[in-house]
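Engineer: My questions all concern the structure below.
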Amino acid sequence: MPKSVVDSFPEKRRLSVHKLAPNENRTRISLIWRKGARSPKIDALIDILKAVPGSPPQRESGSVSGAGS
């Protein structure tokens with residue numbers, strides 16, 4: 001998960017963050033939502049995920065895939 005997502009969490013003091021080894025710190029993230037159910041919070045998460053270096057481009061089929069670290 002991008003650090004910026006953790007930093008935006010309202011109660012981040014309750015979280016534990018652990019760095020992963022370089023060969024284990026990438027994953028594909030798929031976001032899926034009901035048609036017409038997108039919200040400003042989902043849009044903000046999409047923007048954060050798209051800004052992560054190495055993220056694949058956005059798909060237009062109602063879901064977005066990105067890579068997080």
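The values are calculated or read from the model by the stated rules, or taken from the named source; none is laboratory data. Please read all numbers here as calculations on a predicted model, not as lab measurements. With ideal geometry, Cβ positions are generated from the backbone for all residues, glycine too; neighbour counts draw on all protein chains shown.
Engineer: For the stretch 19-31, give me the residue count where each residue is touching a strand residue (DSSP E or B) at 6+ places or on another chain (Cβ under 7 Å) and modelled with pLDDT of 85 or more. Before you say what the answer is, go through the steps one by one.
Structural biologist: In the first step, residues of the stretch 19-31 are kept if they are touching a strand residue (DSSP E or B) at 6+ places or on another chain (Cβ under 7 Å); the result is 26-31.
Checking the rest, the ones that are also modelled with pLDDT of 85 or more come to none.
Number satisfying all stated conditions: 0.
Engineer: Only one of S61, S16 is out of contact with any helix residue (DSSP H, G or I) (no Cβ under 7 Å at 6 or more places or on another chain), modelled with pLDDT of 80 or more, loosely packed, with under 11 Cβ neighbours inside 10 Å and part of a loop (DSSP other than H, G, I, E, B); which? Quick ask: steps written out before the conclusion?
Structural biologist: Working: S61 fails: modelled with pLDDT of 80 or more.
The match here is S16.
Engineer: Sticking with this structure for a sec: Can you tell me which residue in the stretch 31-56 is nearest to K3 (Cα to Cα), limited to those that are surrounded by fewer than 10 Cβ atoms within 10 Å (Cβ to Cβ) and touching a residue at least 12 places away in the same chain (Cβ under 8 Å)?
Structural biologist: Only one residue fits best here, namely G54.
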